[in-house]
Amino acid sequence: MSTGSISKPAPSSTLRVLPLLVCFDEEIEIRRSLVDIPRYRRISFESALKLPSDVERIIISGDESLLLRSYEEIRKPSCRLIALTDHRFHDPRLDALAYAYLPAKTPHELLERTIDNALDHIHLIHVREQINERLRGVTREIQELNKIGAALSAEHHLDRLLELILTKSRHITNADAGSLYLVESAQEERRIEPHHATLPANADGASGLPAAALVKEEEDEELRHKRLRFKLAQNDSITIPFRESTMEINHQSIAGYVASTGEVVNIEDAYHITPEIPYSINRKFDEDSGYRTKSILAVPLRDQKDHIVGVLQLINAKRDGKARLDSLSAVKEQVVSFNGRQQDIVASLGSQAAVAVENSRLYESIQRLFEGFVRASVIAIEARDPTTSGHSFRVANLTVALAEAVQRVETGPYANLRFTREEMREIRYASLLHDFGKVGVREEVLVKAKKLYPAQLELVKQRFEFVKRSMQTEKLQQRLDYVLEKGRDEYLAKLGTFDDELKQQLEEVDRFFSVILKSDEPTVLPEGSFEKLLDIAARHYRDFEGEEKPLLTPDEVRLLSIRKGSLDENERLQIESHVVHTFNFLQQIPWTSEIRNIPEIARGHHEKLNGLGYPYKLSAPEIPVQTRMMTISDIFDALSAADRPYKKSVDLERALQILGYAVKDGELDASLFQIFLDAKVYEKWKVEPHRY
């Protein structure tokens, strides 16, 4: 067998250069001039087939039986078969493998050219595979960045957003650790207790800067009123204690340098920073923890206005993302520098992150603004009805607490029910605003404490006073007539009788008025017997004009005969209309998609599962579970609150008993009420309301 090798440069400097071998079948006569070409070397056919699969080789043979025995080796991607034969192979498998057919006595120049072409073909395949692999890598990076961008856009909670930014940045660069800093103003810092162990500030130059440096001076002045807050740290290899702290924005720290200059810092080894570099790392952390900080990449987080809102710092890029750097040998073996590609990706990610952070801050600002609007609205509504002050906040607190308890149950119809943070916010806002429609109800109806309005009761009182005065006047007239007719002695003898009769009449009028006062008191449950009212209404008196009038008018009897509460049917409809007003009002607000169900949740808080509620007479399937929870909370607060003018508060046991009656009557959700009892949600009645 004649053998040789061809040395051929790789098409790209990034490709691995592999040995290139040309193998000849001994049974084929090859001219010595071909073998003597310096680029070839001898190797046996069997040895060539045993080489590693990634070694490129050209098999030159016309022996079909020999080739079939080595078929699996020849069909490897790094191998090409040049069929040096005057006939095509009979076996279709070999025929398919043949890169080229050449006559047995092919001139060596043509054979050499064919070998070169075959080697070029192998190289092209390798180049294409590597390019495809790089394209797949870039595609994965783009897809990952798109996913990260979508995740950043979807997350509004700042702490979770920062966690996501740092985690994804470390994942995409195989960074073992990392930290994240946010730029904050002095006003923001005052809202959070500052960390007193700060780095000393750099000394600034004296005044008298040239005009060209005024912009820089203004930027430095702005930075002096801002600080960096160390918000987050992550490390895969060691557990580190962490608490938020603040630091000055200057060139002494890497994060401060990046925040003040906006430059990217990429350090190969943090322990070997050249002296002219202004920043350094605090090696005390490494000494205390046993960690070794080596490669560092720190990028500014720039928003769409090119303002730096934070700094993202990644530490120790690893060859293997799953490796742990728990020893110096592991650091030496695994840690590499952050390459340019990673730097570009993290810088791009930093821009997305900065916009997401600013959006999150804006979102939280809008949330605070809306929260203030909701609270102000509730307070304004309750100002029209001071007797229910705090009701909406207590109902919201109870309903959120009940929703949290529902998520903890493992049995029953709500075992699998879970609420997202946005759905919890829906519940809270719906509970806070459930009575907003009272703005459309007459104030005198809202604050009506008794069955009769104060003016009506005062009229009845004056009427009874008039009746008593009339009785006294009539008795005086009877006495005068008697003394004139019978004389003084007989009058004096009967004086006691006159006094007793008057006393009995006045006491009877007082008893009547006491019945009226008692009937005027509203009741929580339907109760009361009003026959005495009819008896009183049947009594008459004469007015100033001598016309007979009943002691109680039919309208007064009607109002005093209200069996539950203090409102008659018309007034009750006015109060019930507040639900419609609430629903109509809430529908006008352009809620975001996350909390768009607030109007639906709020409108059913007076509905009953048995369809006997108001105002829409909804039945169980039409009442959301959020509303069912709010209904229990609303009734419990109405029973327990001591500020209701139309009733006295009841104790806890009685309030729960009344709710139990409502459950038995099919008005309230039995499972939710049981959770209300089991979780002792009622104990959170006056706790500070939740915020979502």
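We did not get these values from a lab; they are worked out from the coordinates using the rules stated. Keep in mind that this is a model prediction, so the values were computed, not measured. Note: ideal-geometry Cβ built from the backbone for every residue, glycine included; neighbour counts use all protein chains shown.
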Fill in: Footprinting exposure proxy for I238, I632 (fewest neighbouring C-beta atoms within 10 Å first)
I238, I632
Fill in: Rule-of-thumb Rg ratio for the range 475-625 [Cα; 2.2 N^0.38 Å; N residues]
1.88
Practice prompt. Please list, in chain and number order, the residues 5+ apart from V336 or on another chain whose amide H is under 5 Å from its amide H, with Hs placed from the backbone.
Written response: A317, K318, R319
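Using square roots of five times the C-alpha gyration tensor eigenvalues, list the equivalent-ellipsoid semi-axes of the range 548-661 in whole Å, biggest first.
Details: eigenvalues 199, 77, 35 Å².
Three semi-axes, in Å: 32, 20, 13.
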Response to the item:
Given 560-569, 504-513, the highest-first ranking by average Cβ count within 10 Å works out to 560-569, 504-513
Item to complete: With the convex hull built on the Cα atoms of the range 87-148, state its orientation-averaged projected area in nm².
Response: 6.0 nm²
Worksheet item: Which ordering of F373, F436, F419 is given by a fewest-first count of other beta-carbon atoms within 10 Å?
Response: F373, F419, F436
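What's the magnitude of the charge dipole for the range 454-564 around its Cα centre, counting Lys and Arg as +1 and Asp and Glu as -1 at the beta-carbon? Answer in Debye, nearest 20.
Details: 19 positive and 24 negative charges, 39 e Å.
Dipole of the range 454-564, to the nearest 20 debye: 180 debye.
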Worksheet item: Starting at 0 and stepping by 10 Å, how many percent of the alpha carbon pairs of the range 349-403 end up in each bin?
Response: 21, 30, 26, 15, 7, 1
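Do the alpha carbons of any pairs in K226/K284; K451/K564; K226/K305; K147/K318; K294/K322; K451/K532 sit beyond 20 Å of each other, and which pairs? Display every interim value, and only then the final one.
On the way: K226/K284 26 Å; K451/K564 10 Å; K226/K305 17 Å; K147/K318 23 Å; K294/K322 17 Å; K451/K532 16 Å.
Exceeds cut-off: K226/K284; K147/K318.
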